[in-house]
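See below for the structure under consideration.
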Amino acid sequence: IRIKATYGAEEAYRVAWKKLWKFAKKKKLLHEQSAFLGLSYDDPNITQNQNCRFYACISTKRNIQSEAEFGTLTIPAGDFAVFTLKGAYSGLNNLYQYIYLKWLPQSKLNLRNSIPFEKYLNNPDLVNEEEILTEIFIPIK
């Protein structure tokens, strides 16, 4: 489900994740290995905040058809550099800046034509903010 708002806009994100969760339960898409993923399509340092596109996703083993505001997306297989953020989601922008402006140029690796994504390892409603774990996957070659 797509969110078009300032990254981290609490109400927009809460509503979207709740709708996605209900949809996934209704369609029986959830399984033990289901992952909660986020895809950010814009750089908030360049794009106006209200125009930032974010896709809240749940992985599934089933093939499904797009329906109403719910779509499907396949992340191409390949190599990824993985970074872990421990703490509030508000720290994501700083970590992305570090990855692209410092780590990537120093690594001598190149970006692969794919989209980076986030994997949310725990539920922020069930842990303290400083215990939130998020992995960032950067496609590399």
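With a Förster radius of 25 Å applied to the C-beta separation of Lys18 and Leu73, the computed FRET efficiency comes to 0.80. Note that the chain shows a convex hull volume over its alpha carbon atoms of 121 Å³ per residue.
Can you bin region 31-70 into rounded, prolate or oblate? Criterion: square roots of the alpha carbon gyration tensor eigenvalues sorted a ≥ b ≥ c, rounded for a/c under 1.5, prolate for a/b above b/c, oblate for the rest. It comes out oblate by the Cα gyration axes. Most tightly packed first, judged by the mean number of other beta-carbon atoms within 10 Å of their residues, the peptides 55-67, 33-45 read 33-45, 55-67. A simple spin-label model places pseudo-atoms 7 Å from Cα toward Cβ; at Lys27 and Arg62 they are separated by 0.8 nm.
Checking the a/c ratio against 1.5 first, then a/b against b/c, what shape does the Cα gyration tensor give for region 1-77? Prolate shape, in that a/c is at least 1.5 and a/b is the bigger ratio. How much of the accessible area of region 54-121, in percent, comes from carbon and sulfur atoms when a 1.4 Å probe is used? Its accessible area is 51 percent carbon and sulfur atoms.
By definition, a body whose alpha carbon gyration tensor gives a ≥ b ≥ c is oblate when a/c is 1.5 or more and a/b is not larger than b/c, and region 60-141 fits this oblate description. Straight-line reach from Lys102: taking Cα to Cα under 25 Å and skipping same-chain neighbours fewer than 8 places apart, the lysines in range are Lys86, Lys119, Lys141. A 1.4 Å probe run over the chain, with the rest of the protein chains in place, finds 66 Å² accessible per residue.
The values are calculated or read from the model by the stated rules, or taken from the named source; none is laboratory data. Fair warning: this is a prediction, and the values are worked out from it, not measured in the lab. Don't worry about glycine lacking a Cβ; one is built from the backbone with ideal geometry, like all the others, and counts go over all protein chains shown. The protein model used for the area step is the full one, side chains on, heavy atoms only, and it has no ligands, DNA or RNA in it. Shrake-Rupley method; radii C 1.70, N 1.55, O 1.52, S 1.80 Å.
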